[in-house]
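Coordinate-derived values only; no laboratory data. Computed from a predicted model, the values in this text were never measured in an experiment. Positions of Cβ are backbone-derived with ideal geometry, glycine not excepted, and every protein chain shown enters the neighbour counts.
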Amino acid sequence: MTVHPSPVPGRRAFLAGILGVTVGVATGCALESSGGSSDTDEEDGLRTVKVGYLHTVAVDAHMWLGVKDGTYEKHGLKIEPVKFDTGIAESQALTGGSVDVAIMGAVISNFPARGQGKVFLLNDVERETAQLWVRGDSGINSIADLKGKKVATTQGTTAHVFLHNAMKKHGVDPKDITLVNSAMPAAVNSFISGAVPAVALWVPFDLQVRKLVPGAKMIDSAANYYPDAAIMGGWVANNDVYHNDKKTLSKLAAAWLEINKKLTEDPAGSLKIVHETGYKNDVPLDELEHNFKFEETYSNEKWRELYENGDAERWIGQVTRTFVELGGLPEYKEPSTFFDRQIFLDAYKEAPK
């Protein structure tokens with residue numbers, strides 16, 4: 001695979017791509033936050049939890065729903081959302097202790113494997129968020145037709161993980177394509193302008209392609225490899241909080257169970273609340289709904305099954321292996337070393353059914 005030079009050269013560009021993984025576009029700047037551990041507000045008795053997040057519905061829907069309906073307060077918590085433009089800033093904040101937990105996409109399979117935080121909750125599976133689009137006049141009708149072609153994407157992200165898995169599945173050597181690496185808006189713009197015949201993207205960038213490139217067609221998506229190449233997103237605690245304040249993580253898990261029940265039983269009503277609370281100034285409701293339909297959310301009962309039967313751990317591990325293959329991790333680590341299933345399972349036992 002030939003990699004086209006990016007504005008940020010070498011390994012730094014690759015790590016920036018990995019850490020920036022998301023299925024949407026985060027806007028605004030990271031909020032300044034001080035301190036590194038949860039503390040109790042003397043006035044209301046609630047434990048403040050600084051939560052880093054990327055502003056995309058697959059990452060922050062549960063958080064906004066719980067903030068609006070008071071579920072976190074019910075469990076003795078006050079959520080202090082801390083928004084980041086990129087995963088690299090989010091992960092640095094988590095490692096440095098300026099946020100207590102962070103909600104991430106595929107990167108939960110990367111940096112926690114390096115010993116930087118512990119995964120303790122899973123949000124969803126990015127079932128069809130990653131897609132491969134080609135121009136109508138490109139002559140590309142299958143993954144096999146990518147040989148010798150330029151493909152734009154953002155290296156190290158969900159889209160890149162999907163593309164890598166798709167090529168492996170269809171026997172295409174990554175060396176046989178020219179990977180044009182840039183931030184996703186630039187990658188999509190290069191496709192729209194005709195500079196490249198193919199782009200591996202994540203929603204909602206598909207909306208731009210559908211609108212601006214007549215004849216463009218989606219020839220593959222992550223859905224075709226689900227669940228064998230499932231990409232999961234979830235919550236990561238910094239090491240200090242994980243080792244010294246599991247009580248707060250247990251409360252977060254208990255609140256999450258209540259929130260997830262609402263989200264899965266009434267997705268339409270829940271998304272209206274999420275939009276009103278976290279997105280009304282960013283995107284219209286119909287775009288939020290469009291983005292949401294490409295992720296796979298599960299009932300609490302299904303999550304319990306996935307945690308207990310090892311599927312959740314296996315899915316995290318398969319993305320970790322992909323990061324190793326891509327050169328974004330020095331070695332494979334078993335998910336059991338950085339994913340704590342028991343926090344969720346204990347909260348599930350105590351939750352009203």
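A cut-off of 5 Å between modelled amide H atoms, ignoring neighbours fewer than 5 places along the same chain, links VAL180 with HIS4, VAL151, ALA152, THR153. Here is the list for region 301-347: GluC sites (Glu not before Pro) lying in DSSP coil, each with at most 12 other C-beta atoms within 10 angstrom of its C-beta, are GLU331. Dipole orientation for the chain: of the candidates THR154, ILE140, LEU306, ILE140 has the Cα lying most toward the positive pole (charges on Cβ; Lys, Arg +1; Asp, Glu -1).
Please work out, to two decimal places, the log10 of the ratio I(q)/I(0) at q = 0.08, 0.14, 0.16 Å⁻¹ from a Debye calculation in which every Cα of the chain carries one identical scatterer. Ignoring solvent entirely, the Cα scatterers give -0.36, -1.12, -1.44. Summarising the label geometry, the points placed 7 Å from Cα in the beta-carbon direction at ASP176 and LYS272 lie 5.1 nm from one another.
Treating r as the C-beta distance of LYS169 and LYS74 and R0 as 51 Å, the FRET efficiency rounds to 0.70. Checking the Cα-Cα distances for LYS78/LYS302; LYS74/LYS251; LYS262/LYS302; LYS147/LYS175 against a 18 Å cut-off, the pairs over it are LYS78/LYS302.
Residues of region 297-316 falling in the label zone of GLN342, defined by backbone nitrogen less than 20 Å from a point 7 Å along Cα to beta-carbon, are 304-314. Secondary structure note: in the chain, about 50% of the DSSP beta bridges are antiparallel.
In terms of surrounding Cβ atoms within a 10 Å radius of their Cβ, TYR332, TYR226 rank from fewest to most as TYR332, TYR226. When the P(r) of region 105-219 is calculated, the portion above 16 Å amounts to 59% of the C-alpha pairs.
Taken over region 230-351, the ratio of Cα radius of gyration to 2.2 N^0.38 Å equals 1.21. Taking 0.36 nm per residue of separation and subtracting the Cα-Cα distance, full extension of the segment from LEU46 to LYS147 would add 30.7 nm.
Could you tell me the distance between the Cα centroids of region 58-133 and region 189-207, to the nearest Å? Here the answer is 27 Å between Cα centres.
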